[in-house]
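Visitor: My questions all concern the structure below.
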């Protein structure tokens, strides 16, 4: 076991095929973790696995629908069979649907919650059941600063992330006596395919940094949009022994965009 508490451990990362999930999988592997990469996108997963193996890391990948509790149980069992006892679980899988509330469909609302909130419940519960028996582990949920600040046109997304955040904190309280730490990393605007899908022109990143007063959205005081690696660094810190006395915490990684008090 290395000083950071990550090398030699097994980490399950959902949403690992691209964006923040991919960055988290690569970052944990670089710290010496054996990574179980999971996603619904089999093609993207295969590319991530090839990159991990090409860099000499031990890893495995599994197609996973976090909305399905039986599928989650299958993947967690397979990861422990293939790589060893699970030490870290990172919930990154997420979806976005943008629309004002009056235009939000039942299907969009239900889908966003099924992935962003219920999916976190399924994965965290499956991981917690095994970790509690061993008396160690970390569960980290990648939320969003939209969970703490209202966003026009993003009510479903923000509400789902707020639910996932409070669930993770409550789980952390329940598991603290078992030596398991549960934390949240809440990114702001991050350069991912999901973020780029909301851009309408060539100035997408610049517009995000500047903010949008007509949509009651502040800009980014640090003057840059986040890179997925910025979020992965925060996840890695919370999983490490450097954060051994941190649990039920919500770490905002948004360049100051939410002006949190």
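Each value in this text was obtained by applying a stated rule to the coordinates, not by laboratory testing. Just so it is clear, the model here is predicted, and its values are computed rather than measured. Every residue, glycine among them, receives a Cβ derived from its backbone with ideal geometry; neighbour counts consider all protein chains shown.
Visitor: Which stretch or stretches of segment 76-99 have amide N atoms under 18 Å from the point lying 7 Å from residue 50's Cα along the Cα→Cβ direction?
Guide: none
Visitor: Then there's this: Please give the length that would be gained between residue 69 and residue 105 if that part of the chain were fully extended, namely 0.36 nm times their separation in residues minus their C-alpha to C-alpha distance (nm, one decimal).
Guide: Working: separation 36, 0.36 × 36 = 12.96 nm, distance 2.44 nm.
Full extension of this stretch gives 10.5 nm more.
Visitor: For the chain, what's the relative contact order in percent, using C-alpha pairs closer than 8 Å and at least 6 residues apart?
Guide: Numbers: 538 pairs, mean separation 50.3, N = 261.
Once divided by the residue count of the chain, the mean separation gives 19 percent.
Visitor: Something else about it: Would you look at the GNM of the chain, springs on alpha carbons closer than 10 Å, and say which of 226, 42, 79 moves the most?
Guide: Evaluated over the chain, the most mobile residue of the options is 42.
Visitor: Let me ask another. Relative to the first principal axis of the alpha-carbon coordinates of the chain, what is the inclination of helix 155-175, with its axis defined by its Cα atoms, in degrees from 0 to 90 and to the nearest 10?
Guide: With rounding to tens, the tilt is 30 degrees.
Visitor: Ranked by Cβ crowding within 10 angstrom, fewest neighbours first, how are 40, 64 ordered?
Guide: Working: 40 18, 64 30.
Lowest count first: 40, 64.
Visitor: Continuing with the same structure: Cut-off 10 angstrom, C-alpha nodes, Gaussian network model of the chain. Which of 31, 103, 51 fluctuates the most?
Guide: For the chain, modelled as a Gaussian network with Cα springs under 10 Å, the answer is 103.
Visitor: Give the order of 109, 61 when sorted by the count of other beta carbons within 10 angstrom, beginning with the fewest.
Guide: Least crowded to most crowded, the residues run 109, 61.
Visitor: Of 233, 82, 71, which has the largest mean-square fluctuation in a 10 Å C-alpha GNM of the chain?
Guide: Greatest mean-square fluctuation among the candidates belongs to 82.
Visitor: Helix 19-30 versus the longest principal axis of the chain: what is the Cα-based angle in degrees, 0 to 90, to the nearest 10?
Guide: Around 30 degrees separate the two axes.
Visitor: Stokes-Einstein diffusion coefficient for the chain at 20 °C in a medium of 1.002 mPa s, Rh from the Kirkwood formula over Cα pairs: what value in µm²/s? Walk me through the numbers before you get to the answer.
Guide: Values: Rh = 18.3 Å.
Once the numbers are plugged in, D ends up at 117 µm²/s.
Visitor: Per residue of the chain, what 222 nm ellipticity follows from adding -39500 (n - 2.57) for every DSSP H run with n ≥ 4, rounded to the nearest 500? Let's see the in-between values first.
Guide: Working: 9 runs with 107 residues, N = 261.
Rounded to the nearest 500, it is -12500 deg cm²/dmol.
Visitor: Another question, then. At a temperature of 4 °C and a viscosity of 1.567 mPa s, determine how fast segment 67-107 diffuses translationally according to Stokes-Einstein, using the Kirkwood radius over alpha-carbon pairs as Rh; express D in µm²/s, rounded to the nearest whole number. Before the final figure, lay out the partial values.
Guide: On the way: Rh = 13.3 Å.
The Stokes-Einstein estimate is 98 µm²/s.
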